[in-house]
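Shown next, in structure tokens, is the structure this report addresses.
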Amino acid sequence: MSRAPVAIGEADLHTHSVVSDGTESPAELMRQAAAIGLPAVALTDHDSTSGWAEAAAAVPETGVALIPGMEFSTREGFTSVHVLGYLVDPLDEALLAETARIRESRLTRAEAIVRRIGRDYELSWDDVLAQTAEGATIGRPHIADALVARGHAPTRSAAFDGILHPRSGYSQPHYAPDPLTGVRLIRAAGGVPVLAHPGARGIEHVVPPARLAKLVDAGLFGLEIEHPENRPEAKPRLRELAAEFGLEITGSSDYHGSGKPNRLGECRTPADVVARLVAEGRGAQPVLPPA
Ligand code: AMP
Ligand code: FE
Ligand code: FE
Ligand code: ZN
């Protein structure tokens, strides 16, 4: 049975702060949302809920509603697949254990990548730490920022297209469970799972119907179709799949502050979809501004 609907309005359902690989603090992110008149945002740092408290504390002053979430890392073979988990219980033991394992592997993997790059370029682990907030979920963006600081790349995006590109031979994947495990963990933690940027690798990499069916059986709520990185040719196919499987369609910017060209609020999820998503959340509550 669903709870009574909460009026939140439209929302940008995918953003990052310095708790992972964004460049703004959770409170700054909330202030940015207020500045552009966005009614609600979801904070979805990679494999972490550590930014929730600071973002929640900024709700009264900004008047922006917070939907707490995370972007959970999964992997299908060598392909990384992200599953957004909204309103999960941040203390759920299975989810905590798995996110800790992923973060640990992200760390050893980043160290290995930096060692490899360090053979060809002036770059140390301290350079990366200088770009990383205490306790943040580390990722290639922090290495990219260190490469920029050292003058080896003009921007974070250029570093991704160059030294950090898989074909350059320095990068390697980190541990992550498969997407089905991710969807199950999020639901078991009372959360609402949405497949992030499912068309970012183009139409030929869109999840096949048989695999999607398993995710839907495990409780997948929706597909993040309105995302700046989904390739245009993949979107009609994703809309067909959403209709076929009765999935909701979400829209989000995947804002990373100044670390990525994505603009906060550039893609949004309509209020009715937000209301249905919130009605399914069991592990945490949205944080609403005082009436
Ligand atoms: P990783 O988590 O180490 O696999 O690194 C991939 C992450 O880098 C994804 O979450 C991207 O959203 C993020 N990212 C941040 N800034 C950029 C950028 N400028 N170009 C590409 N990816 C980026
Ligand atoms: Fe990211
Ligand atoms: Fe992602
Ligand atoms: Zn993201």
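The values are calculated or read from the model by the stated rules, or taken from the named source; none is laboratory data. This is a predicted model, so every value here is computed, not measured. Positions of Cβ are generated from backbone atoms using ideal geometry, with glycine treated the same way; all protein chains shown enter the neighbour counts. SASA here: full protein model, heavy atoms, side chains in, ligands and nucleic acids out. Shrake-Rupley method; radii C 1.70, N 1.55, O 1.52, S 1.80 Å.
Just to be sure before I move on: is Ser17 assigned to a loop (DSSP other than H, G, I, E, B), open to solvent by less than 50 Å² (accessible area, probe 1.4 Å) and either in contact with a Pro (Cβ under 9 Å, 6 or more places away or on another chain) or within 16 Å of ligand 4 (Cβ to nearest atom) (or both) in the structure I sent? Talk me through it step by step, then tell me what you get.
Numbers: assigned to a loop (DSSP other than H, G, I, E, B): yes; open to solvent by less than 50 Å² (accessible area, probe 1.4 Å): yes; either in contact with a Pro (Cβ under 9 Å, 6 or more places away or on another chain) or within 16 Å of ligand 4 (Cβ to nearest atom) (or both): yes.
Taking the combined requirement at face value, the residue satisfies it.
Tell me, yes or no, whether the stretch 203-221 has at least one residue that is within 16 Å of ligand 4 (Cβ to nearest atom), within 27 Å of Gly265 (Cβ to Cβ) and surrounded by fewer than 17 Cβ atoms within 10 Å (Cβ to Cβ).
Initially, the stretch 203-221 is screened for residues within 16 Å of ligand 4 (Cβ to nearest atom), giving none.
Scanning the stretch 203-221, I find no residue that is within 16 Å of ligand 4 (Cβ to nearest atom), within 27 Å of Gly265 (Cβ to Cβ) and surrounded by fewer than 17 Cβ atoms within 10 Å (Cβ to Cβ), so the answer is no.
Can you tell me which residues in the stretch 232-271 are surrounded by 19 or more Cβ atoms within 10 Å (Cβ to Cβ) and of a type in the set (Val, Ile, Thr)?
Matches in the stretch 232-271: Thr250, Thr269.
If I filter the stretch 49-58 for residues that are within 16 Å of ligand 2 (Cβ to nearest atom) and touching a helix residue (DSSP H, G or I) at 6+ places or on another chain (Cβ under 7 Å), do I get at least one hit?
Within the stretch 49-58, the subset within 16 Å of ligand 2 (Cβ to nearest atom) is 49-51.
Subset that is touching a helix residue (DSSP H, G or I) at 6+ places or on another chain (Cβ under 7 Å): 51.
Within the stretch 49-58, one or more residues are within 16 Å of ligand 2 (Cβ to nearest atom) and touching a helix residue (DSSP H, G or I) at 6+ places or on another chain (Cβ under 7 Å).
If you go through the stretch 239-277, how many residues are in a helix (DSSP H, G or I) and of a type outside the set (A, V, I, L, M, F, W, C)?
Step one: list which residues in the stretch 239-277 are in a helix (DSSP H, G or I), which gives 239-245, 271-277.
If we keep only those that are of a type outside the set (A, V, I, L, M, F, W, C) as well, we get 239-240, 244, 272, 276.
So the answer is 5.
Out of contact with any strand residue (DSSP E or B) (no Cβ under 7 Å at 6 or more places or on another chain) and among the hydrophobic types (A, V, I, L, M, F, W, C) - does that describe any residue in the stretch 65-76? Give the steps one after another, and end with the answer.
We begin by selecting, within the stretch 65-76, every residue out of contact with any strand residue (DSSP E or B) (no Cβ under 7 Å at 6 or more places or on another chain); these are 76.
Next, only the ones that are among the hydrophobic types (A, V, I, L, M, F, W, C) stay: none.
No - not one qualifying residue is present in the stretch 65-76.
Which residue out of Ala94, Ala34, Ala56, Ala40 is more than 16 Å from ligand 4 (Cβ to nearest atom), assigned by TED's automatic domain parsing to the domain that holds Glu266 and crowded, with 22+ Cβ neighbours inside 10 Å? Lay out the reasoning, then the answer.
Details: Ala94 fails: crowded, with 22+ Cβ neighbours inside 10 Å; Ala34 fails: crowded, with 22+ Cβ neighbours inside 10 Å; Ala56 fails: crowded, with 22+ Cβ neighbours inside 10 Å.
Residue meeting the stated conditions: Ala40.
Please verify whether the stretch 191-198 includes one or more residues that are in a loop (DSSP other than H, G, I, E, B), open to solvent by 30 Å² or more (accessible area, probe 1.4 Å) and in the same structural domain as Thr44 (by TED's automatic domain parsing).
Our first condition is that a residue be in a loop (DSSP other than H, G, I, E, B); within the stretch 191-198, this holds for 191, 196-198.
Those left that are additionally open to solvent by 30 Å² or more (accessible area, probe 1.4 Å): 197.
With the extra rule that they be in the same structural domain as Thr44 (by TED's automatic domain parsing), the set shrinks to 197.
The answer is yes, given that some residue of the stretch 191-198 is in a loop (DSSP other than H, G, I, E, B), open to solvent by 30 Å² or more (accessible area, probe 1.4 Å) and in the same structural domain as Thr44 (by TED's automatic domain parsing).
Condition check: acidic (Asp, Glu), within 16 Å of ligand 2 (Cβ to nearest atom) and in contact with a helix residue (DSSP H, G or I) (Cβ under 9 Å, 6 or more places away or on another chain). Does Asp161 satisfy that? Steps first, answer last, please.
Details: acidic (Asp, Glu): yes; within 16 Å of ligand 2 (Cβ to nearest atom): yes; in contact with a helix residue (DSSP H, G or I) (Cβ under 9 Å, 6 or more places away or on another chain): no.
Here the answer is no, as Asp161 does not meet what is asked.
Results for (1) within 17 Å of Thr137 (Cα to Cα); (2) within 16 Å of ligand 3 (Cβ to nearest atom), shown as yes or no for each residue.
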position: Glu10; (1), (2): no, no
position: His14; (1), (2): yes, yes
position: Pro26; (1), (2): yes, no
position: Trp52; (1), (2): yes, no
position: Ala57; (1), (2): no, no
position: Thr74; (1), (2): yes, yes
position: Leu87; (1), (2): no, no
position: Ala97; (1), (2): yes, no
position: Thr108; (1), (2): yes, no
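Give the number of residues within the stretch 117-137 that are within 22 Å of Tyr175 (Cα to Cα) and either open to solvent by 30 Å² or more (accessible area, probe 1.4 Å) or free of Cβ contacts under 8 Å to residues at least 60 places away in the same chain (or both). Let's see the steps before the verdict.
We begin by selecting, within the stretch 117-137, every residue within 22 Å of Tyr175 (Cα to Cα); these are 117, 125, 128-129, 132-137.
Within this subset, residues satisfying the condition of being either open to solvent by 30 Å² or more (accessible area, probe 1.4 Å) or free of Cβ contacts under 8 Å to residues at least 60 places away in the same chain (or both) are 117, 125, 128-129, 132-135.
Residues that pass the stated criteria total 8.
Among (1) more than 27 Å from Lys235 (Cβ to Cβ); (2) touching a helix residue (DSSP H, G or I) at 6+ places or on another chain (Cβ under 8 Å); (3) touching a residue at least 60 places away in the same chain (Cβ under 8 Å); (4) open to solvent by less than 30 Å² (accessible area, probe 1.4 Å), which single condition is Val114 missing?
(3)
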